[in-house]
Amino acid sequence: SLSLFTPDLDLFDLNRVEVLRGPQGTLFGSGSLSGTVRYITNQPNLDAFEAFGEVTGNFITDGGFGSDLKAVINAPLGDADAALRVSAYYTNYGGYIDAVQPNGVVSDVNDGERMGLRAAVRFEPNERLVITPRVIYQDVDVNGFNRIDIFNILANPFTTTRPAVTLGEREQFTQLEEKFTDEFLLIDTTVSYEFDNTTLTSVTSYTDRDVLVLRDATQLTGSITAQPNILNQPEPVYTLDGPLDDSTTVEVLTQELRLSGGDDRWQWVVGGFYSSIERQYGQSLDVSGFEAATGIPTAGMRAGTDILFFSDIPYDFDQLAFFGEATYLHSDRLNFTAGVRYFDFEETRSLTFDGIFAAPEFNTPAETTSDGFSPRVMLNYNLNNDVQINAQISKGFRLGGINDPLNAPLCSPEDLATFGNRPSFEDEELWNYEIGAKSVIMGGRGTFNVAAFYMDISDLQATLDAGTCSSRIIFNVPEARSVGVELELFAQPTANFDYGISASWVDAELKSTVTTTDAMGNSTVVAGIQDGNRLPTTPEFQASVTGNYNWFINDRWEGFVTGLFQHVGDRITQIGDQAPGFGTVDLTITPIGDPSVGTFSFDPELPSYNIANLRVGARNDTWEIALFVNNLTDERAFLALDRERGGRARVGYLTNQPRTVGVTTRFRF
């Protein structure tokens, strides 16, 4: 995945999902600080032909219609030493966000479509060798975003010289159509060869990806061009359409070699990993007609006429790692595991920024490097046949990187002093100490797992809004910690009924304070980075409950009903959301529309929410038909706080899909 752009791949035809909790840096490398989620696809089956599919239609409350078409074909090839498996899908997203625009309301602007294909061939020329090439392709095209606005500098209820606008609970204000496209191609080949006591595995992958985000930045541009101490332009200028193109193209090549083996006493794996990333990232803010309307020259060395901001940031990222892990089976009850990973990476960039909103620089080189070790030790002890005790100490890490320079022409002197001169950020490191138990209960008809952990975090990478600068920058916070408890209970009391309960309590907070000193010698805390403040995105408590009941309708058909309830506690989006005064927008800085009040206030803490889903249907060996209701109570959840220019231009929230009712039909040949 890429920073901010985890691919939203369809999960049809999966074999299983593996959730590995705790740092997994030894075997999985950078980024797996709190765990790793593995999506394991079904492999081609050499023994039988099979075909199955799924058709879904749904209706979103106060929104549009959606649909899904999915199909899988598995076919042996030749003399059954090879097989082909192909899955394909098409999704039509129904929209549910309405955009209030100067010329009226456009309904369901966040609709779109997704289509994809996954194909794999499995060759088994002999009993020892398996070769599996695979290709995954997906194309996403969405017409808007699941954002609701509660304040927009160009459309709010406080204006007196411009029309006052009050937005509804699932509405946003835009002046132009927004867009998100993502074309994703992954080609990989896994080769496995079985020796007498060991297995050699090679995994080679190539990714080619193009992401385009087209955002309406008119309110951002207007908050700058109308600001008295910057440009102080009239309404015909600050309302000019401001489409911001944000494009990313990336090519990734990775190669991993693993050798694994074992006997009655030892199980081990050693390997090496190499990755090479070439990424081209850039932005362009084209405010057509700006120069003609203002007489302000806008063309630069790279920025064309009316391009108020331009960036071009190509970079190369190379990483080499070696890893190993071994488990010693001391007895039937006790085993020890120890492993370590060594990594070495280098990132080089060439920074180009232009336009009147930027601090121009051209082909400025930037570089960062890092290397280190990531160890892990574990102990597992079976108290009896039903209960296992486990303990773990492990280290995780997230690689450092290079910060983009601030948009200096937009910065106040205070923000320039606070957030400036931070060209790079360091690796984030985490030590995890964990103890838990896994048990079989109810005579084998249930499991109960519990774990308690303490995480000690160094150089936490905190993403901050750089105040007035319309920039984001990453700070390293020296110390933070997270302590928590997780539990899972799954049981099948009868042949017809099963249920599951999972819950976690986490207390995650900063243990350091970062300050800045102004020209008068006054010291203040930077953007909420204060000892005792919460870490972002982490609810203190969350839980989910699932249940499934099935019964025989007749000798061919089985009925079923499945329910899910999920509770997510309150959270914050960024550390800076806890800064004193954040949540109050000063409307006098850029007084567009001569507002009737001096400030606008909102709560930056995301409230807790509850989601319930229900599914009821019938199935036999060939068919399944089910009626489902997702978000049964039509809960409007706030998933993240969305702010533009630190809230000065816009304040909103990303939200979930409203109540959705649909029908799914599955069939198998």
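The values are calculated or read from the model by the stated rules, or taken from the named source; none is laboratory data. A quick note: this is a predicted structure, and the numbers were derived from the prediction, not measured. So basically every Cβ, Gly included, is an ideal-geometry build from the backbone, and we count neighbours across all protein chains shown. Areas reflect the complete protein model, heavy atoms only, side chains present, ligands, DNA and RNA absent. Shrake-Rupley method; radii C 1.70, N 1.55, O 1.52, S 1.80 Å.
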Only one of Thr590, Thr546, Thr562 is among the hydroxyl-bearing types (Ser, Thr, Tyr), out of contact with any strand residue (DSSP E or B) (no Cβ under 8 Å at 6 or more places or on another chain) and either assigned to a strand (DSSP E or B) or open to solvent by less than 30 Å² (accessible area, probe 1.4 Å) (or both), namely Thr590
Flag for Asp81 being out of contact with any helix residue (DSSP H, G or I) (no Cβ under 8 Å at 6 or more places or on another chain), among the acidic types (Asp, Glu), farther than 18 Å from Thr56 by Cα and touching a residue at least 24 places away in the same chain (Cβ under 8 Å)
yes
Any strands (runs of 3 or more DSSP E) falling wholly within the stretch 136-221 and containing at least 2 residues that are surrounded by fewer than 19 Cβ atoms within 10 Å (Cβ to Cβ) and not charged (D, E, K, R):
179-194, 198-216
Out of all the residues in the stretch 417-426, which are open to solvent by 20 Å² or more (accessible area, probe 1.4 Å) and in a loop (DSSP other than H, G, I, E, B)?
Asn421, Arg422, Pro423, Glu426
Which one of these is open to solvent by 70 Å² or more (accessible area, probe 1.4 Å), part of a loop (DSSP other than H, G, I, E, B) and touching a strand residue (DSSP E or B) at 6+ places or on another chain (Cβ under 7 Å): Leu614, Leu632?
Leu632
So, in the stretch 443-474, exactly how many residues are assigned to a strand (DSSP E or B), open to solvent by less than 50 Å² (accessible area, probe 1.4 Å) and over 30 Å from Gly500 (Cα atoms)?
9
Within the stretch 635-650, how many residues turn out to be crowded, with 22+ Cβ neighbours inside 10 Å and aliphatic (A, V, I, L, M)?
2
With Glu434, Glu414 as the choices, which residue is among the charged types (D, E, K, R), part of a helix (DSSP H, G or I) and open to solvent by 20 Å² or more (accessible area, probe 1.4 Å)?
Glu414
Check Ala527, Ala503 and return the single one that is in contact with a strand residue (DSSP E or B) (Cβ under 7 Å, 6 or more places away or on another chain), modelled with pLDDT of 95 or more and of a type in the set (A, V, I, L, M).
Ala503
Tell me yes or no: at least one residue of the stretch 40-54 is open to solvent by 30 Å² or more (accessible area, probe 1.4 Å) and under 30 Å from Lys395 (Cβ atoms).
yes
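Take residues that are within 26 Å of the chain's Cα centre (by Cα) and tell me which of the strands (runs of 3 or more DSSP E) falling wholly in the stretch 486-538 contain 3 or more. Walk me through it before giving the result.
Details: elements: 497-510, 515-517, 523-525.
In the stretch 486-538, 497-510 are the strands (runs of 3 or more DSSP E) which contain 3 or more residues that are within 26 Å of the chain's Cα centre (by Cα).
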Out of the stretch 366-390, which residues are without any contact (Cβ under 8 Å) to a residue 40 or more places away in the chain and part of a strand (DSSP E or B)?
Glu367, Thr369, Asp371, Phe373
Please state which of the following conditions Ser284 fails to meet, knowing it meets all the rest: (1) more than 30 Å from Phe353 (Cα to Cα); (2) surrounded by 14 or more Cβ atoms within 10 Å (Cβ to Cβ).
(1)
Could you list all residues from the stretch 84-104 that are surrounded by fewer than 17 Cβ atoms within 10 Å (Cβ to Cβ) and modelled with pLDDT of 95 or more?
Leu84, Tyr90
Subset tally (residues that are hydroxyl-bearing (Ser, Thr, Tyr) and touching a His at 6+ places or on another chain (Cβ under 8 Å)) for the stretch 606-627
2
